[in-house]
1. Could you please find all residues in the stretch 48-71 being touching a strand residue (DSSP E or B) at 6+ places or on another chain (Cβ under 8 Å), surrounded by fewer than 16 Cβ atoms within 10 Å (Cβ to Cβ) and at pLDDT below 90?
2. Out of Phe95, Phe153, Phe116, I need the residue that is touching a strand residue (DSSP E or B) at 6+ places or on another chain (Cβ under 6 Å), without any contact (Cβ under 8 Å) to a residue 40 or more places away in the chain and within 25 Å of Ala32 (Cα to Cα). Which one?
3. Considering the stretch 72-84 alone, what residues qualify as being farther than 22 Å from Gln126 by Cα and either crowded, with 17+ Cβ neighbours inside 10 Å or in contact with a strand residue (DSSP E or B) (Cβ under 7 Å, 6 or more places away or on another chain) (or both)?
4. State the number of residues belonging to the stretch 24-41 that are within 17 Å of the chain's Cα centre (by Cα) and either within 18 Å of Phe145 (Cα to Cα) or touching a residue at least 24 places away in the same chain (Cβ under 8 Å) (or both).
5. For the stretch 30-86, give me the residue count where each residue is under 19 Å from Cys129 (Cβ atoms), part of a loop (DSSP other than H, G, I, E, B) and hydroxyl-bearing (Ser, Thr, Tyr).
6. When the residues of the stretch 126-148 are narrowed to those that are in contact (Cβ under 8 Å) with a residue 60 or more places away in the chain and in a loop (DSSP other than H, G, I, E, B), which ends up surrounded by the most Cβ atoms within 10 Å (Cβ to Cβ)?
7. Among what's in the stretch 135-190 and is farther than 25 Å from Asp77 by Cα and aliphatic (A, V, I, L, M), pick the residue that is modelled with the lowest pLDDT.
8. Write out, first by first residue and then by second, each pair whose Cβ atoms fall under 6 Å of each other, whose residues are 6+ apart or on separate chains, and whose first residue, in the stretch 8-19, is assigned to a loop (DSSP other than H, G, I, E, B) while the second is surrounded by fewer than 13 Cβ atoms within 10 Å (Cβ to Cβ).
Amino acid sequence: MSLLQVFATDPAGPASPSLSSSDPAQIAATLAPLGIGFERWQVKAPLAPNADPAAILAAYSAEIAQVRAGGSYPTVDAIRMTPEHPDRQALRQKFLAEHIHSEDEVRFFVEGQGLFCLHVGDAVLQLLCEAGDWISVPAGTKHWFDMGPEPHFCALRFFDNPEGWVAQFSGDPIAERYPRLDELSAPRRT
């Protein structure tokens, strides 16, 4: 189940979250004033364990066409991470560093889960995304992403830059002070 937790930034580390919600409507309403889009979309039948990016993109061609119809994201790819991926540790460390992009970061999770952490003003918002979650993070938003030590997720990634994922790292170690995917405690329901 999707989960949003909101923390105040604190050099000593986070206190208890000021908000913890798994209600999709509340998640969307909390994120919208920050320019962050969140929706729940229908996922298809489970992907074959050996599905390559072309098969994943074909399975979600209707959803891709829907996003492309908006005209903002001409490039799409599929990323799939499993515990067996040979570069999982290096990729996790790369994604865990706070960074920004000069374009929106738009993802549709089609299986598994990942933790988006957004550093907006004096707050850190942690959004546990699971299959069916669509998120759009505006260009210039400080954030990091945790796929966990044993990653299992597949997401469609939409870009307006044909080069794909290009990050500018902030050098701020803030991500080290906040819970990681594998450290999330049982959510408090609201």
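The values are calculated or read from the model by the stated rules, or taken from the named source; none is laboratory data. Quick caveat: nothing in here was measured; it's all calculated off a predicted structure. We place every Cβ from the backbone using ideal geometry, glycine too, and count neighbours over all the protein chains shown.
1. Once the filter is applied, which keeps residues that are touching a strand residue (DSSP E or B) at 6+ places or on another chain (Cβ under 8 Å), surrounded by fewer than 16 Cβ atoms within 10 Å (Cβ to Cβ) and at pLDDT below 90, the stretch 48-71 yields only Arg68.
2. Phe116
3. If the condition is that a residue be farther than 22 Å from Gln126 by Cα and either crowded, with 17+ Cβ neighbours inside 10 Å or in contact with a strand residue (DSSP E or B) (Cβ under 7 Å, 6 or more places away or on another chain) (or both), then Tyr73, Thr75, Val76, Asp77, Ala78 are the ones that fit.
4. Here the count works out to 11.
5. Counting residues in the stretch 30-86 that are under 19 Å from Cys129 (Cβ atoms), part of a loop (DSSP other than H, G, I, E, B) and hydroxyl-bearing (Ser, Thr, Tyr) gives 3.
6. That would be Met147.
7. For the stretch 135-190, the residue satisfying everything is Ala186.
8. As it stands, the answer is Thr9/Asp122, since those pairs meet every condition given.
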